[in-house]
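Down below is the structure, laid out as structure tokens.
Here, each number is a calculation from the coordinates, and none is a lab measurement. Everything quoted here is computed from the prediction, not taken from an experiment. Note that we place each Cβ from the backbone using ideal geometry, even for glycine, and neighbour counts take in every protein chain shown.
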Amino acid sequence: MFLITLFCNLLQLLQPANRDSTLVVRHIFLEGNQRTKAYIIRRELDFLEGDSITINDLSKRIELNRRKIFNTSLFNFVEIKSQKDSLSNNLDLLIKVQEQWYILGYPNIQIADRNYNEWWSRGRRLDRLIWGLNLTHANFRGRAEKLILNAEVGFTQKLELFYRIPYIDRAQKTGLGFGISYSTNKNVAFGTLHDTLSFIKADNSLRQRVFAYAQLKKRYHFYDNHIVELRYNQNWIADTIRKANPNYFLDNANTQRYLQLSYYFNYDFRDNVVFPLRGYRLELYLNKLGLLPSDNINQLDLTLTANRYWALAKNLFINIGAEAKISFPNKQPFFNTRGLGYGTDLVRGYELYVVDGQKYLWARVNLRTKIWDKTLRIKWLKSSQFNRIPIQIYPNYFVDWGYVQNQYSYNNLSALANKPMYSTGFGMDAVTYYNLVVKLHWAINKEGKSGFIFNITREF
């Protein structure tokens with residue numbers, strides 16, 4: 001019996017493999033990339049003509065590659081169709097894209113405060129708005145190069161120019177970026193008191209900032225990015241600010257000049273970079289402020305961020321995220337100290353507060369369900385970049401937690417530092433094209449204070 005079994009196994013090994021189990025990519029066709037160079041799209045593919053794909057992996061491989069092309073933020077829609085040759089094991093692929101409108105020039109109206117809730121609580125005053133003009137080319141020369149010119153007046157006067165080229169080598173692994181910025185303010189937050197920013201307003205400039213940077217970007221694989229940036233910073237404040245807060249730049253200084261070296265790494269395996277529902281993202285940010293003995297600051301920041309996304313059911317999703325930051329030394333300039341309350345580094349429900357500190361940790365859990373996923377067609381609008389509007393709507397429930405450590409919390413009478421903060425709430429998120437996400441949430445925090453949170457985010 002043993003000999004018979006061994007003989008049968010040997011026969012199976014000697015038999016040729018089933019040709020139908022493996023397909024060979026014969027042709028890859030591109031359609032719709034009128035502006036974008038073909039190699040920018042092909043760079044995202046993990047297969048080329050002549051490569052083999054198993055039938056069992058075909059649908060998964062196609063979806064993963066479709067996601068990568070879409071996540072370049074160059075296209076409104078991406079579709080990959082496959083066609084198998086009935087007489088052979090050859091496979092043809094058609095990649096259809098709809099390009100975005102890459103050149104955008106529009107009036108730019110922003111609030112000067114950290115979020116809409118803070119602006120609303122400060123009286124919704126027009127003098128706290130920033131008026132400007134933003135000119136952006138997101139696909140300069142069809143090579144996914146980004147060129148941005150930004151001019152602003154109002155609360156902040158600013159002039160900026162940024163340029164980024166994703167690939168400068170034949171292997172398409174190395175990119176460069178450059179930028180320069182000048183800004184001045186007549187209304188400046190000089191410190192925090194009771195976890196709230198305190199402002200001073202004057203007729204003359206109270207603060208001026210200038211920075212210029214150059215960065216080198218490496219992308220060794222499909223999902224990882226490494227960025228090294230060297231930046232020069234020069235900052236100045238008026239005596240009014242210095243007297244109100246001698247620790248604004250530390251040591252009662254009016255000026256601050258230093259070189260800054262940063263390293264940023266992220267591994268991004270998400271289905272959608274704007275509003276992910278599946279996958280994960282890992283980030284590391286190492287930032288050294290002050291490289292030379294003559295620099296006016298010597299500070300080191302380290303930040304770690306992790307997010308994980310799951311589909312619990314067909315239209316039910318969960319996201320768990322956390323971020324930790326440590327910085328040294330403990331005594332830092334107010335201008336360079338960032339605890340919780342800036343940008344997305346906050347506990348929802350605490351939008352009106354800024355909790356200064358040298359170390360912090362936050363964690364979040366979001367539960368979302370999709371109730372709407374349609375593409376509206378505007379027949380009378382001829383432009384293909386605007387006449388199809390995808391809209392997705394997600395009701396959600398969340399729980400947030402955070403903690404900030406500050407050894408000098410007594411200086412600004414902080415009631416939130418060195419204590420846990422937490423909140424819960426629910427809301428509604430709407431996602432549409434051009435990477436626009438509109439969020440309306442209601443939250444209640446540990447202190448029993450509640451309110452609505454409005455936010456608009458856009459990744460471009």
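For region 19-99, the Cβ-based charge dipole about the Cα centre amounts to some 200 debye (Lys, Arg positive; Asp, Glu negative; other atoms uncharged).
Checking the cross-link pairs Lys37/Lys379; Lys146/Lys370; Lys37/Lys374; Lys288/Lys325; Lys419/Lys439 against a 23 Å limit on the alpha carbon distance flags Lys37/Lys379; Lys146/Lys370; Lys37/Lys374; Lys419/Lys439 as lying beyond it. Against the set [x] 23.0; [y] 24.2; [z] 25.3, the structure's computed Kirkwood radius over Cα pairs in Å falls on [z].
Relative to the longest principal axis of the Cα atoms of the chain, helix 55-70 runs at roughly 30 degrees.
When the charge dipole of the chain is built from unit charges on Cβ atoms (+1 for Lys and Arg, -1 for Asp and Glu) and taken about the Cα centre, the candidate among Ile168, Phe269, Asn396 whose Cα reaches farthest toward its positive end is Asn396.
Applying a DSSP loop filter and a limit of 13 other Cβ atoms within 10 Å to the trypsin sites (Lys or Arg not before Pro) in region 114-213 leaves Arg124, Arg125, Arg141, Arg170.
In this Cβ point-charge picture (+1 for Lys and Arg, -1 for Asp and Glu), the chain has a dipole of about 620 debye about its Cα centre. Ordering Tyr360, Gly349, Leu381 by Cα displacement along the dipole of region 341-384 toward the positive end leaves Leu381 in first place; charges were set at the Cβ atoms of Lys, Arg (+1) and Asp, Glu (-1). For Lys81, the aspartates and glutamates whose Cα comes closer than 20 Å to its Cα, not counting residues fewer than 8 places off in the same chain, are Asp20, Glu31, Glu44, Asp46, Glu49, Asp51, Asp57, Glu63, Asp92, Glu99, Asp271. Expressed as an acute angle from 0 to 90° and rounded to the nearest 10, what is the orientation of the C-alpha long axis of helix 2-14 relative to the principal long axis of the chain? Around 70 degrees separate the two axes. Here's the picture: charge each Lys and Arg Cβ at +1 and each Asp and Glu Cβ at -1 in region 19-99, and of Val24, Ile55, Val97 the one pushed furthest to the positive end of that dipole is Val97.
Each of Lys68, Lys84 was scored by other Cβ atoms within 10 Å of its Cβ. Arranged with the fewest first, they read Lys84, Lys68. Measuring between their Cα centroids, region 302-380 and region 238-270 lie 23 Å from each other.
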